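Data block below; observations after.
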Amino acid sequence: MKNALFILLALLCLALSATAAKEQSIIVNGFGSVQVEPDTANVQLGVECSGKSAQAAQAENARLMKQVMEAVEKNGIAKKKVKTSNFNIWPEVKYEQNQPPKTVGYRCGNQVNITIEDLALISKVIDSGIAAGANNVRGLNFTRQDDKEAKRSALSQAVEAAGEKAQTIAKAAGLKIIGTQSIVEGGARVVYPQENQMRALAGLQADNAETPVSPGLIEITGSVSITYAVE
């Protein structure tokens, strides 16, 4: 009876050892990166002005903003690509020592977001908007409408990089990769280039000078975590 129990325990230990050996694994992370050219730009043009009353400030702002939008559309930008992103009216308050705050007028701000699909028009849109009355330029950034292929390429690179890393580790440890146990996608990350606002505005200081704009490249990265079975 004791011999049978001993044999049973020995077989169980061997089975556990074999299972443990089969469950050996290496977990590695892989990263990939692809750069693509943007094909779309977004920029915000705004008008900020003042008036003795809220109505006066709003009326002057509406007049100037209409001119700005007409100038933008003359560059071939469709109306549906121009959307209001912000509108505010607030009092101008004067503070004097030992005196209560006094409202001396009102300011009105209106801002539109413009989507430009022809990057060659960026400078013309900004410059014509400024010439028409815009005195606020913000958020110039670049995107790519279809980045699916680039994301797939970045993830493929990530998987390849993970495989190479696993092979290096396995070889150094005297192991052999025998399969893949799991793959966890870390997702794709898109880093969009942004034109420095002050740089864009600096080009507006010189009369008749075209605003310099450089779209740069969009970086798309992908990452994965892969568990490889080894022996």
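A few notes on this one:
- Extension gain, residue 136-residue 219: 0.36 nm per intervening residue step, less the Cα-Cα distance, totals 27.0 nm.
- Computed FRET value (nearest 0.05) for residue 173 with residue 31, which takes r as the C-beta separation and R₀ as 30 Å: 0.85
- Length gained when the stretch residue 149-residue 189 is fully extended (0.36 nm per residue, less Cα-Cα span): 13.1 nm
- Cα centroid separation - region 63-130 against region 40-62, whole Å: 5 Å
- With 30 Å as the limit, the listed pairs 83/124; 66/151; 52/79; 83/148; 81/151 have 66/151; 52/79 beyond it between alpha carbons.
- Spin-label model distance (nm) - residue 93 vs residue 117, 7 Å beyond Cα toward Cβ: 4.6 nm
- In range of the label at residue 181: residues from region 144-168 whose backbone nitrogen is under 15 Å from the point 7 Å along Cα→Cβ: 166
- Stretch gain in nm, segment residue 74-residue 59, where the contour uses 0.36 nm per residue and the Cα spacing is subtracted: 3.1 nm
Quick note: the coordinates plus some simple rules give every number you see, no bench work behind them. The structure presented is a predicted model; accordingly, all values stated were derived computationally and were not measured. In this analysis, Cβ positions are derived from the backbone assuming ideal geometry, glycine residues included, and neighbour counts consider all displayed protein chains.
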